[in-house]
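The values are calculated or read from the model by the stated rules, or taken from the named source; none is laboratory data. Computed from a prediction, not measured in an experiment: that's the story for all the values here. Cβ: placed from backbone, ideal geometry, glycine included. Neighbour counts: every protein chain shown.
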Number of protein chains: 2
Amino acid sequence: MSKKEGRRNKKDGTSRDLGERKIIKLIQSHLSAMPNIPVPFGDDVSAVKIGAGRIAVLKTDMLVGKTDVPRGMSLWQAARKAVVMNVSDFAAKGVEPMAMLVSLGLPRNLIQKDVEEIARGLNTGAQEYGFYVVGGDTGEAADLIMAISLFGTAKRKAIVLRSGAKAGDIVAVTGFFGKTTAGLRLLKDGYAVSKGLREVLLNSVFMPKARLCEGLSLCRSGALSASIDSSDGLAWSLHELATMSAVGFVINSVPIAEEVSRFAEFNGLDSLELALYGGEEYELVVTIKSRRWDDAEMAVRATGGILLPIGQVTRKKQVLLEMDGEKHLIKPLGWEHFRSKI
Amino acid sequence: MSKKEGRRNKKDGTSRDLGERKIIKLIQSHLSAMPNIPVPFGDDVSAVKIGAGRIAVLKTDMLVGKTDVPRGMSLWQAARKAVVMNVSDFAAKGVEPMAMLVSLGLPRNLIQKDVEEIARGLNTGAQEYGFYVVGGDTGEAADLIMAISLFGTAKRKAIVLRSGAKAGDIVAVTGFFGKTTAGLRLLKDGYAVSKGLREVLLNSVFMPKARLCEGLSLCRSGALSASIDSSDGLAWSLHELATMSAVGFVINSVPIAEEVSRFAEFNGLDSLELALYGGEEYELVVTIKSRRWDDAEMAVRATGGILLPIGQVTRKKQVLLEMDGEKHLIKPLGWEHFRSKI
């Protein structure tokens, strides 16, 4: 690689200065756009038409040891999480994954047992969500790298984009928020908590779940107008849905996990902040045609899951939190690589 | 990540001790096998049935800055090479790539200009072979990482595996070998060469080409019985084809590039070694039904390429080199991550 020294000046931001989202925009600006692409660049998954009204659905998401694997997480858990991260995006679009590939970058000090642990974690993740690892690549890298790519097919019209929310729709989520963020804070800053609470919060970090059954069932119900997964945090996901749909939201009930309220109260933290501005959580954030609410709720219940209404879609393009009769702006903040630190 | 210190003992080999191929076998042994998988694990690409006799063809191959980007290669070239590496595997199977995803790991000291160079390199690679980048992921990593995944579709029966070579078939390649290996030696050890020769050899390292047109045309001709790309070196590719097809080869004409002969002669190196035991070259190594040779040759010529016969397929499961009436074993050596060093 050519040396970087000597040719940098103050105008050139480093990748860390730029942040993940600006980098993605920058990269995209240099890419030729596929004509008639069935899913726009920047949605949870990518897609390609394969004829007869069907599309191939593709996703890649990479886990990097240094930024995505908190201290205390095993390699087995890290590998499983790498799979879950990708499945969650398929879940948000209502697409069943069929097969997975993995590019592994292995630090040279990993031993045989570590490699086996990684393989078992990848396989567990795939089996948990009903698909197979069909190929991959491996090489030496300074960091632990697991770049997963996921494949599935769908009817072109069945896929739920980020861009379909309409004023009057109901905003809903598939679970409560904040446990992962609280768990990460716990790992980083060492707060005092009971053993039971500690277990719940760390389990949320180490053993995340993707809402695949909920996502598939919700999409099949036909009640959804837009959908995203919450891996970049609830606030960020709401902003993404709002921006892509050219609408706004009024949120009147933030779905704070009960354990997060307890953790926050005990440690003098703001539970609302933990629930809104976290990340690495894999709930679905969706909008539902209001007259179809019951169908949506039933669809999720049939999978053993829950659907929590948290607000409404508005014409006014703001993401607001209504609390005690007052409205506050929800900031477009969330988890971002190059900038956020565990 | 849990700490590795203190729990390693002498029996545990590190990933470097194991080598890429053992690691892949180890990983595979922990993966559940997809039933009725249309392309066996370990071929150039992976595949999944998508109905109506068609398959989705998938490939991931990862470029790592430290091991795959020699000094002097620009980021634009590295990104383009990352694409070529993947396209070459599609070429070997006769499958047209339709779309690409990329997971990028960016060292934090990269500047905006670097990121743009990478994006342009990826796009150039995709455009050169007629497809589009449709999505990706980016994050911070210690190494430069480009994990590409490629997608296409094919008729299930049209794909050419590594396993179809039969005794009596002709072994052939799509070009001459050794330039990349000579170029890498030149970069590493600084041999004396003319400016013109230096340019040719380095161009082979910095601007590799995948034989996509040749591969597509060859597969369509129906004359192929087996096929592999030569990214792990000619000797290794021959051994792979032989093992997967349960046959042997007698090679009687090693396709040494004329420039490599000159480079070797001038510097007291063995041109045969450079051509056989290299890697990072993207020719196709194929076997052809002998009575279909003319069709195969015409198919490649129609693309502007060449097809060089180099030997025959034999029943005896050895890969031999016949020179001056004597037979020598070709060793199963080639490029291997974790072990080979640029």
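The one condition from (1) touching a residue at least 40 places away in the same chain (Cβ under 8 Å); (2) not assigned by TED's automatic domain parsing to the domain that holds B:M244 that B:Y132 does not meet is (1).
Quick check: anything in region B:171-179 over 20 Å from the mean Cα position of the chain (by Cα) and polar (S, T, N, Q)? No, every residue in region B:171-179 fails to be over 20 Å from the mean Cα position of the chain (by Cα) and polar (S, T, N, Q).
Please determine whether any residue of region A:146-160 is more than 10 Å from every other protein chain (Cβ to nearest Cβ), in contact with a Leu (Cβ under 7 Å, 6 or more places away or on another chain) and buried (at least 24 other Cβ atoms within 10 Å of the Cβ).
Of all residues in region A:146-160, those more than 10 Å from every other protein chain (Cβ to nearest Cβ) come to A:154-160.
Now restrict to residues that are in contact with a Leu (Cβ under 7 Å, 6 or more places away or on another chain): A:160.
Those still in the list that are buried (at least 24 other Cβ atoms within 10 Å of the Cβ) too: A:160.
So far as region A:146-160 goes, yes, one or more of its residues are more than 10 Å from every other protein chain (Cβ to nearest Cβ), in contact with a Leu (Cβ under 7 Å, 6 or more places away or on another chain) and buried (at least 24 other Cβ atoms within 10 Å of the Cβ).
Exactly one residue out of B:E199, B:E265, B:E281 is buried (at least 18 other Cβ atoms within 10 Å of the Cβ) and either in a helix (DSSP H, G or I) or touching a helix residue (DSSP H, G or I) at 6+ places or on another chain (Cβ under 9 Å) (or both): that is B:E281. B:V115 satisfies every condition listed in (1) at pLDDT 95 or above; (2) over 24 Å from the mean Cα position of the chain (by Cα); (3) not assigned by TED's automatic domain parsing to the domain that holds B:F151 except (3). When B:A165 is tested against the conditions (1) surrounded by fewer than 23 Cβ atoms within 10 Å (Cβ to Cβ); (2) outside the structural domain of B:L75 (by TED's automatic domain parsing), the lone failure is (1). With respect to B:A33, is the statement that it is more than 21 Å from the chain's Cα centre (by Cα) and not assigned by TED's automatic domain parsing to the domain that holds B:S227 true? Criteria met by B:A33.
Considering only region A:317-330, state which residues are part of a loop (DSSP other than H, G, I, E, B) and loosely packed, with under 13 Cβ neighbours inside 10 Å. Break it down into steps so the answer makes sense when it comes.
First pass over region A:317-330, keeping only residues part of a loop (DSSP other than H, G, I, E, B): A:317-318, A:324-325, A:330.
Answer for region A:317-330, where residues must be part of a loop (DSSP other than H, G, I, E, B) and loosely packed, with under 13 Cβ neighbours inside 10 Å: A:K317, A:D324, A:G325.
Of all residues in region A:47-65, those satisfying the criterion of being outside any strand (DSSP E or B) and more than 7 Å from chain B (Cβ to nearest Cβ) are A:A52, A:G53. Among the residues of region B:202-250, those that are part of a helix (DSSP H, G or I) and acidic (D, E) comprise B:E214, B:E240.
The residues of region A:235-252 that are within 21 Å of the chain's Cα centre (by Cα) and not hydrophobic (A, V, I, L, M, F, W, C), listed by number, are A:S237, A:H239, A:E240, A:T243, A:S245, A:G248. Taking region A:76-100 as the range and being touching a residue at least 60 places away in the same chain (Cβ under 8 Å) and among the aliphatic types (A, V, I, L, M) as the test, the residues that pass are A:A78, A:A79, A:A82, A:V83, A:V84, A:M85, A:V87, A:A91, A:A92, A:V95.
When you scan region B:298-316, do you find a residue that is of a type outside the set (A, V, I, L, M, F, W, C), touching a Leu at 6+ places or on another chain (Cβ under 6 Å), assigned to a loop (DSSP other than H, G, I, E, B) and surrounded by 16 or more Cβ atoms within 10 Å (Cβ to Cβ), even just one? No.
For region A:186-231, the tally of residues that are within 30 Å of A:A167 (Cβ to Cβ), of a type in the set (A, V, I, L, M, F, W, C) and in contact with a Leu (Cβ under 8 Å, 6 or more places away or on another chain) stands at 4. If you go through region B:172-187 one residue at a time, do you hit one that is assigned to a strand (DSSP E or B) and not small (G, A, S)? Checked region B:172-187: at least one residue is assigned to a strand (DSSP E or B) and not small (G, A, S).
Among the residues making up region A:254-278, those that are more than 23 Å from A:V87 (Cα to Cα) and in contact with a Gly (Cβ under 7 Å, 6 or more places away or on another chain) are A:I256, A:V260, A:S271, A:L274.
Scanning region B:268-278 for residues that are under 20 Å from the mean Cα position of the chain (by Cα), hydrophobic (A, V, I, L, M, F, W, C) and surrounded by fewer than 21 Cβ atoms within 10 Å (Cβ to Cβ) gives a single hit, B:L272. Counting the residues of region A:85-130 that are facing chain B (nearest Cβ under 8 Å) and either touching a helix residue (DSSP H, G or I) at 6+ places or on another chain (Cβ under 8 Å) or not small (G, A, S) (or both) gives 22.
Considering region A:1-46, and only residues there that are basic (K, R), more than 30 Å from A:R156 (Cβ to Cβ) and not in a loop (DSSP other than H, G, I, E, B), the residue that is modelled with the highest pLDDT turns out to be A:K22. Looking across region B:66-84 at every residue that is assigned to a helix (DSSP H, G or I) and of a type in the set (A, V, I, L, M), the one that is farthest from the other protein chains (Cβ to nearest Cβ) is identified as B:V84.
State yes or no: is A:T287 in contact (Cβ under 8 Å) with a residue 12 or more places away in the chain, farther than 21 Å from A:M207 by Cα and buried (at least 21 other Cβ atoms within 10 Å of the Cβ)? So A:T287 fits the description; yes.
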